[in-house]
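One structure is given here, and the rest of the page talks about it.
The values are calculated or read from the model by the stated rules, or taken from the named source; none is laboratory data. All values derive from a computational prediction rather than experimental measurement. Neighbour counts are summed over all protein chains in view; Cβ atoms, including those assigned to glycine, are modelled from backbone coordinates with ideal geometry.
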Amino acid sequence: MVTKLKSRNITENDFPKDADDLTKVSFILHYAILAPSSWNAQPWIFKLQGNTIKLFHDAERMQTHRDPLGRENIISCGAALCNLRIALRRFGFLEETVIMPPNSEENLIAEVTWKNTGEFGKDNKLFKAIQQRHSYRKPFTDEIVKPELIELFENAAKVYGCEFIPITINSTQMALAGMISEGDKDLGADLATRKEYASWVRSSGRSEDGVPGYAMGNTNAVAGILAPLTHRVFNYTDEFARGDQALTCATTLLGVITSPTDTPSDWVQSGQAVERVLLSAAANGLQASFLNQPIPVVELRKRLQSLLGLTDWPQLILRIGYPTEAPKVTARRKLDDVLLL
C-alpha cells in the first residue's frame, strides 16, 4: 500500500506506474506532506473525491492562543499545496486549483482537480528539491547569495501574487534583528504562549510531529531527550532572543514574503510562494529557516512595514544561505493519518 510508505524515504522509483489513478494520486500526496509547517504541526488533511483532491486545514493543530485565526497553519497548508501541484505535474497529471472555493466546506483550503496525461513532466528541478529542502537552524557560511538567485526568489514569489523582499543592506538587517529579538521577548513574556510552544517540542526520538530537541540545537543527547520537559519548566526567552538576533546579524540574505492583503486566501498564496522560494533555494544548494517573531506582534509588524516601506502585508521572514553541514531532518506523520478516502 502506498499509504504505508514513509514520506521521507520515498523515491520516484516507488511510483506505482501500473496502479489505478487513485493509488497514483495517493502516492503523490507523500510529497505534499514534506512541506514545512509552523512547529512541524503538519496541519493538513487531504480528501480524495473522484478526480478532485480537497485540502483541509486541521484546526485541532492550531496554536489557538497565539494565532487564533490559524494564519500560520493556513500558510503551512499553502506550502503543502505548492508541493502537491509540482508533484502532480512531475508524474504526468494536469491540475486545476481553486483556492478557498466559495460556499465550501468548513476549513477547506483548496480543491485540486486532476487529469492523468501519462506523460511525466520534464522540468523536475523543483520537484527534486522537495526532498532536498529542510529547515536549517544553524549559522550559514559567509558566502554571498548571488543577485541572479535573489532574482529567482523574487520571481518565485510573484507566481502566486506575492513578493519576496530581499534584505541585504546592513543597517536594515540590524534593525530587523532587533525586531526579531523584541518579538521573542514579547511572545515569551506570555505564559500561555510559552506553554503552547512547549506543547510542540518533542524528545529527540521518533515522534512524527513537533520539533525534536536535536532540531532546536540540543546537540547533547540527554538535553535532546529532556527538551519537552525543560521547555515546559524553564523560560528560555532571553536565550532565544540572543540566539535569533545573532543568527539574523550573521546571515548574508534575509527575505520577507509579503501579500497584497491579509486574508485567508492571501495566507494560502503566501504559503505557496514561500515554498517555491525555499525549493528554488534548495535546488541551488541553499537552505533556509524562519524568523517570524515580529509578525504575530501587531506593533512589530507595523514597524516592519515601515522599515521596508511597504503597503503590502509581511507574512514570513526568512534567512537564506549556504549550510555548513547537513540539515537535521524532522519527521512526518504517516499518510494514513492525514488522508480521507
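Here are the numbers for the structure shown:
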{"quantity": "So Leu94, is it of a type in the set (A, V, I, L, M), surrounded by fewer than 17 Cβ atoms within 10 Å (Cβ to Cβ) and farther than 18 Å from Val268 by Cα", "calculated": "yes"}
{"quantity": "Given (1) out of contact with any helix residue (DSSP H, G or I) (no Cβ under 9 Å at 6 or more places or on another chain); (2) modelled with pLDDT of 95 or more; (3) small (Gly, Ala, Ser), index of the condition Ala273 fails", "calculated": "(1)"}
{"quantity": "The one condition in (1) surrounded by 18 or more Cβ atoms within 10 Å (Cβ to Cβ); (2) assigned to a helix (DSSP H, G or I); (3) at pLDDT 95 or above that Val256 fails to fulfil", "calculated": "(2)"}
{"quantity": "Selection status of Leu300, touching a helix residue (DSSP H, G or I) at 6+ places or on another chain (Cβ under 6 Å) and either at pLDDT 95 or above or more than 19 Å from His134 (Cα to Cα) (or both)", "calculated": "yes"}
{"quantity": "Test: residue in the range 111-126 that is among the acidic types (Asp, Glu) and touching a strand residue (DSSP E or B) at 6+ places or on another chain (Cβ under 7 Å)", "calculated": "yes"}
{"quantity": "Filtered residues of the range 8-37 (kept if part of a helix (DSSP H, G or I), without any contact (Cβ under 8 Å) to a residue 60 or more places away in the chain and closer than 23 Å to Leu316 by Cβ)", "calculated": "Ala32"}
{"quantity": "Selection count, the range 170-193, where residues are among the charged types (D, E, K, R) and over 13 Å from Gln293 (Cα atoms)", "calculated": "1"}
{"quantity": "Those residues of the range 35-73 which are within 23 Å of Arg89 (Cβ to Cβ), of a type in the set (A, V, I, L, M) and surrounded by 21 or more Cβ atoms within 10 Å (Cβ to Cβ), in sequence order", "calculated": "Ala35, Ile45, Ile53, Leu55"}
{"quantity": "First in the range 288-306 and within 26 Å of Phe140 (Cβ to Cβ), second anywhere and among the acidic types (Asp, Glu) and surrounded by fewer than 16 Cβ atoms within 10 Å (Cβ to Cβ), Cβ under 7 Å, 6 or more apart", "calculated": "none"}
{"quantity": "In the range 259-310, the residues that are among the small types (Gly, Ala, Ser) and part of a helix (DSSP H, G or I)", "calculated": "Ser265, Ser270, Gly271, Ala273, Ser280, Ala281, Ala282, Ser306"}
{"quantity": "Identity of the residue in the range 238-252, touching a helix residue (DSSP H, G or I) at 6+ places or on another chain (Cβ under 7 Å) and surrounded by 18 or more Cβ atoms within 10 Å (Cβ to Cβ), that ends up nearest to Arg319 (Cα to Cα)", "calculated": "Thr248"}
{"quantity": "Residue under evaluation Glu72, criteria (1) modelled with pLDDT under 95; (2) among the charged types (D, E, K, R); (3) not in a loop (DSSP other than H, G, I, E, B), criterion not met", "calculated": "(1)"}
{"quantity": "Count of the range 46-69 residues which are in a strand (DSSP E or B) and out of contact with any Cys (no Cβ under 9 Å at 6 or more places or on another chain)", "calculated": "7"}
